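Have a look at the structure below before the remarks.
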Amino acid sequence: MTSFYLLAALLTLAVLAVLWLTLRRADPGPGVDEAASNVRILRVQLAELRADRDAGTIDAATFETSRAELERRVLAEAASGDPATAKRGLRGAALLLLGVPVVAIAVYAVLGNRDAFDPVLAQRPSQFSQQDIDAMVDRLAERMKADPSDPEGWLLLGRSYMAMQRFDAARDALAQAVQRRPGDAQLLADLADATAMAQGQNLLGEPEKLIAQALQADPENLKALALAATAALVRGEPRRASDFFERALRVAPPDSPYVAGLQDGLHQARAAAGLPPTPAATAAPGPLAVPSPAAPASAAAPAPAVAAAPLAVQVSLAPALAGRLQEGDTLFIFARAAEGPRMPLAISRQTVGPGTRWPVAVTLDDSTAMASQFRLSGFERVVVGARISRSGSANPEPGDLEGQGTPIPPAGNTSLTIDQVR
């Protein structure tokens, strides 16, 4: 940053020097002595003009016209040699020279990218570590505390927290954005999504109210329609869910990666409601993409069922982390779709402590599903994870001990090790 300031100062001095020389050459102007000489010549011409009049060479009208022209020229020559005028010219040049850097600095302060001086932000995205990302999010949070009037800043902060699975913080940040833009359908849908994740991946209650507000503001908001469809499925209203899925498919772009998931959800909702499948719902779905921050975190629909057998899981604890366990800690073992919703499809919870015998073995199947519409057997590949929480909260928190496996089929046997600190 110091080298940047030094280079900018040198360039500014060079530009000012060139500008000063240009101004000096562009306004040579007559000196005071030269102007006085011109005035004396004009006075001689005026005396000659009077002599011609007295001699009768010219008449009175011609004399008056010629005299007026000479007087005008005398005044003009005298003004051009006025020292005050020269001083005003120098003052104007000085103001211009000073104004160039002042205006440049002011414009950069308003429009420039001051974050470019940040050595973290100067890195390419691929060079960012998790610590770099956490630091940037923390700085954004501090900036929003100092100046909370920017709804776009709160939106960015909320979506960043969502990507970090800090759902309580995401909900609070998005609520700040909604306060400043209360009629924004997309913000309301984002807040509904974050609220659902913060209350244990449950769309019922407050999230439903926010979804209704979003659809009232924009009946064709894709995220709100997808969330409303999923909430209706969870509530056990498949016909209503089918209507929302159909509306979402009508507004979704044909090349959207979520069309296949919406078609699967429509197929499932119509089947549960006893309705015949639609051509769109029976079309072969493409692979589901992981939702982006702007897409519903809990609204993607499951793929067709491929197995109903249980998944046996063994979880070990890395010896280096054994000393961190305390009595009353909570162990969560869960499976979520490798591609699709982030909400757990099946989950087991139990209390652990320093005396727990490892590995811990559990069985995950459709009976441990959090919602009947999102079951372990409804996905082709899942990822199994484990987390030890000091507070017992279902939401990840700093200091939690974590471990995660690789994508596997939703039935059979697997094992993983808790070897990381959040």
Inset, instruction - Given the peptides 192-199, 210-217, arrange them by the average over their residues of other C-beta atoms within 10 Å, most packed first. - result: 192-199, 210-217
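Find how much the distance from Glu397 to Glu48 grows on full extension, using 0.36 nm per residue of separation minus their present alpha carbon separation; answer in nm with one decimal. The partial results should precede the final answer.
Values: separation 349, 0.36 × 349 = 125.64 nm, distance 10.32 nm.
115.3 nm is the gain from fully extending Glu397 to Glu48.
Figure the gain on full extension for Ala320 and Met164 (residue separation times 0.36 nm, minus the Cα-Cα span) and round it to one decimal in nm. Can you show the working numbers first?
On the way: separation 156, 0.36 × 156 = 56.16 nm, distance 2.49 nm.
Full-extension gain reported as 53.7 nm.
How would Ser391, Ser242 rank on accessible area, largest to smallest, probe 1.4 Å? If you can, show how the numbers build up before the last one.
Numbers: Ser391 75, Ser242 0 Å².
If we order Ser391, Ser242 from most to least accessible, we get Ser391, Ser242.
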Legend entry - HN-Hα J in Hz across the range 261-268 - Karplus 6.51, -1.76, 1.60, θ = phi - 60°, x for Gly and Pro: x, 5, 5, 5, x, 5, 4, 5
Legend entry - Accessible heavy-atom area order of Val137, Val251, highest first, probe of 1.4 Å: Val251, Val137
Legend entry - For the range 221-237, Karplus couplings with θ = phi - 60° (6.51, -1.76, 1.60), whole Hz, Gly/Pro x: 6, 4, 5, 5, 5, 5, 5, 5, 5, 5, 4, 5, 5, 4, 6, x, 10
Inset, instruction - For Ala146 and Ala312, calculate 0.36 nm times their separation in residues minus their Cα-Cα distance, and state this gained length in nm to one decimal. - result: 54.8 nm
Legend entry - For Ala338, distant residues with modelled amide H under 5 Å away: Arg381, Val382, Val383
Inset, instruction - Pull up all non-local amide H partners of Gln420: gap of 5 or more, or a different chain, and H-to-H distance under 5 Å with H placed in the peptide plane. - result: Glu402
Inset, instruction - Could you rank the peptides 223-235, 312-324 by their average count of other C-beta atoms within 10 Å per residue, with the highest value first? - result: 223-235, 312-324
Legend entry - For the range 169-267: relative contact order, % (alpha-carbon pairs under 8 angstrom, 6 or more apart): 20
Legend entry - Whole-number percent relative contact order across the range 217-270, with pairs defined as alpha carbons under 8 Å at least 6 apart: 37
Legend entry - Sparse-neighbourhood loop sites, GluC sites (Glu not before Pro) in the range 166-265 - DSSP loop, at most 16 other Cβ within 10 angstrom: Glu220
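The values are calculated or read from the model by the stated rules, or taken from the named source; none is laboratory data. The structure displayed is predicted, hence computed values, not measured ones. Quick reminder, even Gly has a Cβ in these numbers, built from the backbone with ideal geometry, and neighbours come from all protein chains shown. Side chains are part of the model used for accessible areas, which takes the heavy atoms of the whole protein and leaves out ligands, DNA and RNA. Shrake-Rupley method; radii C 1.70, N 1.55, O 1.52, S 1.80 Å.
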